[in-house]
Amino acid sequence: MPVMKRPDEQIFASSAKDNEVQTFPNLTRGWGISFEQTQGIPPMEWFNFLFKRLDEALLYHLQRGLPEWSANTDYPQHAFVQHQGKTYRALRANKKKSPDIAMSADWVQWAGDYSLASLTQKGIVQLSSETGSNAEDKAATPKRLRQ
């Protein structure tokens, strides 16, 4: 399947007049509500609201790349999210479990702001072939260790 062309990023009904977009009365009920309120003929204003909502959701994903974590979302195993400037991958299905909790059984940091390594903290370490160094944020290369 070919990669789809990126949408033009325009939001449907974003220039509509105030009275041309009306909040859909019950999103979780869906079109069934239209039979009770409009004899099954939903108004243009509801369509404008729904298409605008969809376009805004699409643009949110285009802007963010990965969605922000939400306590209201069910995450399947291997889902990716961002939270407080870092990205995480779900280790197992979960809901309402924040990914920034240390030693989480539900999330693992995936990429991003890693700290420098130390004797007490894992992180990024620089390789070195120096001898006689007291640095604790560098690791000796195998070649240096053989000498």
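Since every read-out is calculated from the coordinates, none of them should be taken as a lab result. All values derive from a computational prediction rather than experimental measurement. Methodologically, a virtual Cβ is constructed for each residue, glycine included, from the backbone with ideal geometry; neighbour enumeration extends over all protein chains shown.
What is the distance in Å between the Cα centroid of region 3-56 and that of region 123-137?
Value for the Cα centre distance between the two parts: 59 Å.
Give me the dipole magnitude in Debye, nearest 20, for the chain about the Cα centre, with unit charges on the beta carbon: positive for Lys and Arg, negative for Asp and Glu.
Values: 18 positive and 16 negative charges, 167 e Å.
It works out to roughly 800 debye.
If you place +1 on the Cβ of every Lys and Arg, -1 on the Cβ of every Asp and Glu, and leave all else neutral, what size is the dipole of region 71-147 about its Cα centre, to the nearest 20 Debye?
Details: 11 positive and 7 negative charges, 53 e Å.
Roughly 260 debye, rounded to the nearest 20.
Which ³J(HN,Hα) values in Hz, rounded to whole numbers, follow from the phi angles of region 47-57 under the Karplus curve 6.51 cos²θ - 1.76 cosθ + 1.60, where θ = phi - 60° and Gly and Pro get x?
4, 4, 4, 5, 5, 5, 4, 5, 4, 5, 5
When the helices in the chain are scored as -39500 (n - 2.57) per DSSP H run of 4 or longer and the sum is shared across all residues, what 222 nm value do you end up with, to the nearest 500 deg cm²/dmol?
Working: 3 runs with 33 residues, N = 147.
My calculation for the chain gives -7000 deg cm²/dmol from helical runs alone.
Restricting to DSSP loop positions (anything but H, G, I, E, B) with no more than 13 other Cβ atoms inside 10 Å of their own Cβ, which chymotrypsin sites (Phe, Trp or Tyr not before Pro) remain in region 14-52?
On the way: sites: W31, F35, W46, F47, F49, F51; in loops: W31.
Answer by residue number: W31.
Once a ≥ b ≥ c are taken as the square roots of the eigenvalues of the Cα gyration tensor of region 19-78, is the result rounded (a/c under 1.5), prolate (a/b larger than b/c) or oblate (a/b not larger than b/c)? Before the final figure, lay out each step's value.
Values: a/c = 3.71, a/b = 1.84, b/c = 2.02.
It comes out oblate by the Cα gyration axes.
Answer with a single label: of (i) -0.20; (ii) -0.47; (iii) -0.27, which was calculated as log10 I(q)/I(0) by the Debye sum over Cα atoms at q = 0.08 Å⁻¹ from the structure in view?
(ii)
Out of Y60, Q84, T131, whose Cα points farthest toward the positive end of the dipole of the chain (charges: +1 Lys, Arg; -1 Asp, Glu; placed on Cβ)?
Among Y60, Q84, T131, the one farthest towards the positive end of the dipole of the chain is T131.
Which longest uninterrupted range of the chain lacks any GluC sites (Glu not before Pro) assigned by DSSP to a loop state (not H, G, I, E or B) and surrounded by at most 12 other Cβ atoms within 10 Å? Before the final figure, lay out the partial values.
Details: sites that count: E9, E130, E136.
Within the chain, the longest run free of exposed GluC sites (Glu not before Pro) spans 10-129.
Counting only trypsin sites (Lys or Arg not before Pro) that sit in a DSSP loop (anything but H, G, I, E, B) with at most 14 other Cβ atoms within 10 Å, what is the longest stretch of the chain containing none of them? Present the calculation step by step, with values, prior to reporting the outcome.
On the way: sites that count: K5, K17, R29, R92, K95, K96, K122.
Within the chain, the longest run free of exposed trypsin sites (Lys or Arg not before Pro) spans 30-91.
Taking the chain as a Gaussian network, Cα atoms linked when under 10 Å apart, which of D18, D74, D55 shows the biggest mean-square fluctuation?
D18
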